[in-house]
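Scroll down for the structure; my scribbles are underneath it.
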Amino acid sequence: MGSKLEAGREAGEGRRPSSSEQALRSLLGALGEMDLEARASACGGHYRPAAAGSAPSSAPAPPLSPAAESVAIDFLDCRYLVTREDVTAERGEPPSVWVKILVLIYLTRAGGGPATGSWVSYRDLPNSVSKSASFEECSARVARAFEGDPAGLERGVLALGGRPSGTGSADLAYVLAVLPRVPVLLLFWDQEEEFPARASFLLDGNVLDYLDLEALLFVGEALAGRLLGEGLGDLVG
């Protein structure tokens, strides 16, 4: 009996779900009660109705069948397909549990409001003081990595679909659509004499209409990581 229990534990039996697994289940449960077409409209995703004659989600058909009702959402240079059962990659690397959670938070939270056109720092957002240093470290990584190499940073930004912005006096200023309605303004100042390079990620004024503070911290880490050539799977939340 002892050997059977040990084998079961190694196979995952009797183990409590991790906090990330619990969060994923909770978000999928909430999504099950929502109108996916309305959610797609609110978040700027692409709604895809179920194919005629496809089985309902409660049936034993494969949960990620292309026939299932779904919403396609772009996150950086990947596209994820959200059904009521799971999140999978349509383009790019398979999503980690943390990417799934981010995409689901975005889909279920999206208020549908337009961008304000005004940029704010993370620390300008309410109740962000305890996490602002962690968010700012994301752009600091970019500054350190591309010090003396603004052309390299520009190549990375363009590869992620960034578009130039005339905002401010930075050496480089680009807007990146991290999610369909979550733009991030990247500002970069290269090193000058005794001053090191600096970078900043700014957010649209209505960003909390789409993501909470924890999710935004993950966005900052993901954006920095992709600019540095890291995969989204390297992020652990």
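The values are calculated or read from the model by the stated rules, or taken from the named source; none is laboratory data. This structure is a prediction, so every number in the text was calculated from the model and none was measured. Counting neighbours? That spans all protein chains shown, and the Cβs are built from the backbone with ideal geometry, glycine included.
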Which of the strands (runs of 3 or more DSSP E) contained wholly in region 65-119 include at least 2 residues that are on the phi < 0 side of the Ramachandran plot, in contact (Cβ under 8 Å) with a residue 60 or more places away in the chain and not polar (S, T, N, Q)? 70-75
Taking first residues from region 184-196 that are in the same structural domain as Val219 (by TED's automatic domain parsing) and second residues anywhere that are among the acidic types (Asp, Glu) and part of a loop (DSSP other than H, G, I, E, B), the pairs with Cβ under 8 Å that are 6 or more apart or on different chains are Phe188/Asp171; Trp189/Asp171; Asp190/Glu147; Asp190/Asp171; Gln191/Glu147; Pro196/Glu147
With out of contact with any Leu (no Cβ under 6 Å at 6 or more places or on another chain), over 18 Å from Ile105 (Cα atoms) and hydrophobic (A, V, I, L, M, F, W, C) as the only criterion, which of Leu179, Leu208, Leu227, Leu203 stands out? Leu227
Take Ser130 and decide whether it is of a type in the set (Ser, Thr, Tyr), touching a residue at least 12 places away in the same chain (Cβ under 8 Å), within 26 Å of Ser20 (Cα to Cα) and not assigned by TED's automatic domain parsing to the domain that holds Cys43. no
Given the condition free of Cβ contacts under 8 Å to residues at least 60 places away in the same chain, outside the structural domain of Ile101 (by TED's automatic domain parsing), crowded, with 20+ Cβ neighbours inside 10 Å and under 27 Å from Ala40 (Cβ atoms), answer yes or no: does some residue in region 208-223 qualify? no
Out of Glu154, Glu136, sole residue that is within 18 Å of the chain's Cα centre (by Cα), within 22 Å of Phe75 (Cα to Cα) and among the acidic types (Asp, Glu): Glu136
